[in-house]
Every structure is written in structure tokens, then in C-alpha cells.
Amino acid sequence: MIDKDWLNFYTPANIAAEIVNLIPQNYTPEMVVDICVGSGNFLSAASNRWQGCSTLGVDISPNLKAIDISDEIYKMDALNLKDLETINFKLNKLVLANPPFGKLDYSTKNVYYSEKLAELQIEAIKTKRIEALMLVSNLHILNDMDLFGAILPQNIFEAENLKRFKEMFLAHFDVLYIGTPGKYFSKSEVKTRIFVGKFIKEVNYKENVKIEKSIEIECRVLRGIDNSKLAKNVNINNGEFDEVVHFSNNDGKISQKRYVKKNTFSNDLKIDKYDVLVSRVGRNSGKIHYALKAYLKKYPSDYFYLLKDFKKMATEKQLQNMENCLLEKKRGLTTKYLCKKDITEQIQKITNNFSIV
């Protein structure tokens, strides 16, 4: 039996939007899939970002909202891999997941094993956890280079009985982002993490067990909110909007007021006092801006990369040296810009504990 108290955690709309917005800008899926579609918030967020991509939902009991949102909907138990194989998933896809979690009395009688994931599936069965088995189902439908975004329970990363499963699971990904543990569900004390990765089909598990540093996150590099999603000349007195830090000058003065609707993005993306902003585009690309009082608790725009808690890790001298290097690395014939790799290469010189988006 599944612990029913752990099942009713539909993905909040703002968290679904945050995970979708963490997918790299240069990736456009032909299909977005959620095999535990629930209320359909993942598919809704994906449709808002990629208009025209097809959406497909699977659920043992899909609700009316999910049925309305999905281009295709299938009523089935996603733990049944054989049933999943009857669905025609497109090759270039993004799979999104908020797997149910809890104990599971799982019978191995007549189990249909995944041809490419049998070892991982056997390890998942040993854990007696539905989240582990549901992750196997998600990986079962992924192809090489497909992207996977999820909100995962913290026990995947810290429980002793899931340690081997975690190692095998992460070995299947080029990890793009692992967030810090947080309470994303208002009615629960359960902690979860956001995860984004690019799937790797063929894996030698024995060669991919040392991955602990990918998990211990102290600094994250977050790209600001897409400028096309920003509004101006809004009525800020009605309390429906959050201000966004948006400037392209060298001295950090906010001369262009921009806003987003409240609860569209996670508060985790807001600027805190130990954060650092790095100008991403324009002639000042590479310029480092400390989190001034005027920036606090506001979102950054796409003009910036946001380095969370980086002032706790780097000295003033290290930050100055980093800025000098980044100013030399900017590229582009007309509009200057920095790549993500430029930022992370400099961070690696200061610390080995970081996560990238």
C-alpha cells in the first residue's frame, strides 16, 4: 500500500513555472510529458513558454483540468512500464515530474523489467519507495539528450536506503541544476529539491559512483527572468506585482522600472544580501554588482546571472579578480554577452561547491 498522506501534493503553479524556466534557453522540446500529471500545472507552464509544443499527460486518475490542458491524456498507472511503452512519445522531449512519494509494498511477481534500466529498477524495488520506482518510469521514456525536470523529495539525496539508487539515478544525467532543500508544499513539512538534467542512456554504474559534490550546494548560478515576461507602467498600488531589478548601466542605478505578477516565480530567485549579480549582456558584460539595499527581495531580469550566497564564499579580492577576468571574456560583434561557462569557470577557481543552471 502507498501512504496516502504523501500523495496529494500537486505541483504548485509557481514551482512548475520555476522548473520550466530553468530549462536552458537553447532547448525547445517537440513534446512535454508528465506521467503523474495531477492538476496539469507542469504542462500549463510548458505551454506558456513553448507555444506550439505538444503536451502529453498520464495519470491513474487524471482530473478535468489536466484533461483540458493536455493535447493527449492517458489513464494508466505509470508504474506499469509495459503500458507506458504503448504510448508514442516523441524523440525530442522534456519530461517533467513531481513523483508521489511514500512506502510501497511492491510485488516482484510478473514484473516487466526495463531493458535499458533493469539494474536501476532492481535497486528501486529494494528501496520499497514509490518515488524511486516512479523515477524509473520517468527515465524509461527518456531518450539520449532528452531533458528531465523534477521536484524530488529530499530523502532521495540523504536516506541511507536510497544511497545506491541515488548514485545510479544521477549517473544517468548531465546534471544542469540541483537546488537546495526547501519546503515547497504549504501543507507539509516535507523537504524537496528541484532537479534538472540531460539524460544519458548508456551508463556504467561502477564508473559513476563518486557524485557527492554535485549535491552539496552552497552557490547556485541562476539566470534572471526573461525580459519578454516583464511589464512596465503597471499599477503597483494594488499589490499584484513584484519589482524586477533591470538596468544596463555600469553604476547599478535602477533607471528602468520593470515588474512581474506576484507568485509567477519562486521567492528563491529573489535577491538576498549575500548574493552577487553579474551583468550578462551589453557593453558592461562581466561587471559584478553587490546586492544593494535597493535590490533586496526583488527579482533580477535577464540582464543578469544571480550568484546565490556567493559573498559568503569569495573575498573582495577574489571578486575583483573574477570581474577583471569576466570583462575580458565578453564576446559578440555588436551586442556583447557572457556565456554560462564563462561564469562557472571563474567560480571553479574559487570553490568546487556550486551548481549551475
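Structure notes:
- Of the residues making up the stretch 96-133, those that are of a type in the set (V, I, T), open to solvent by 20 Å² or more (accessible area, probe 1.4 Å) and modelled with pLDDT of 90 or more are I122, I125.
Rundown of residues vs (1) of a type outside the set (D, E); (2) in contact with a Phe, Trp or Tyr (Cβ under 8 Å, 6 or more places away or on another chain); (3) within 20 Å of H246 (Cα to Cα), yes/no style:
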position: I288; (1), (2), (3): yes, no, yes
position: A291; (1), (2), (3): yes, yes, yes
position: A294; (1), (2), (3): yes, no, yes
position: K298; (1), (2), (3): yes, no, yes
position: S301; (1), (2), (3): yes, no, yes
position: Y305; (1), (2), (3): yes, no, yes
position: A314; (1), (2), (3): yes, no, no
position: M322; (1), (2), (3): yes, no, no
position: C325; (1), (2), (3): yes, no, no
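- The stretch 160-183 - residue that is open to solvent by 10 Å² or more (accessible area, probe 1.4 Å) and over 19 Å from Y205 (Cα atoms) and, of those, nearest to the chain's Cα centre (by Cα): L176
- Counting only residues that are under 13 Å from S114 (Cα atoms), touching a Phe, Trp or Tyr at 6+ places or on another chain (Cβ under 9 Å) and of a type in the set (G, A, S), the stretch 124-146 holds 1 of them.
- The one condition in (1) aliphatic (A, V, I, L, M); (2) surrounded by fewer than 16 Cβ atoms within 10 Å (Cβ to Cβ); (3) at pLDDT 85 or above that L338 fails to fulfil: (2)
- Within the stretch 188-223, restricting attention to residues that are modelled with pLDDT of 60 or more, of a type in the set (A, V, I, L, M) and touching a strand residue (DSSP E or B) at 6+ places or on another chain (Cβ under 9 Å), the residue that is nearest to M313 (Cα to Cα) is V221.
- Residues located in the stretch 61-75, provided they are surrounded by 14 or more Cβ atoms within 10 Å (Cβ to Cβ), at pLDDT below 95 and under 27 Å from I125 (Cα atoms): P62
- Every residue from the stretch 81-95 that is surrounded by fewer than 14 Cβ atoms within 10 Å (Cβ to Cβ) and not in a loop (DSSP other than H, G, I, E, B): K82
- Test result for Q51, open to solvent by 10 Å² or more (accessible area, probe 1.4 Å) and in contact (Cβ under 8 Å) with a residue 40 or more places away in the chain: no
Conditions tested, residue by residue: (1) within 24 Å of the chain's Cα centre (by Cα); (2) not polar (S, T, N, Q).
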{"site": "T55", "(1), (2)": "yes, no"}
{"site": "E85", "(1), (2)": "no, yes"}
{"site": "K90", "(1), (2)": "yes, yes"}
{"site": "V95", "(1), (2)": "yes, yes"}
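- Members of the stretch 266-281 that are open to solvent by less than 30 Å² (accessible area, probe 1.4 Å) and at pLDDT below 90: S266
- Qualifying residues in the stretch 15-35 (those that are of a type in the set (D, E) and out of contact with any Gly (no Cβ under 6 Å at 6 or more places or on another chain)) - the one surrounded by the fewest Cβ atoms within 10 Å (Cβ to Cβ): E30
The values are calculated or read from the model by the stated rules, or taken from the named source; none is laboratory data. Remember, it's a predicted structure, so these values are computed and weren't measured experimentally. Neighbour counts are summed over all protein chains in view; Cβ atoms, including those assigned to glycine, are modelled from backbone coordinates with ideal geometry. Accessible surface is based on the protein model in full, side chains and every heavy atom, while ligands, DNA and RNA are left aside. Shrake-Rupley method; radii C 1.70, N 1.55, O 1.52, S 1.80 Å.
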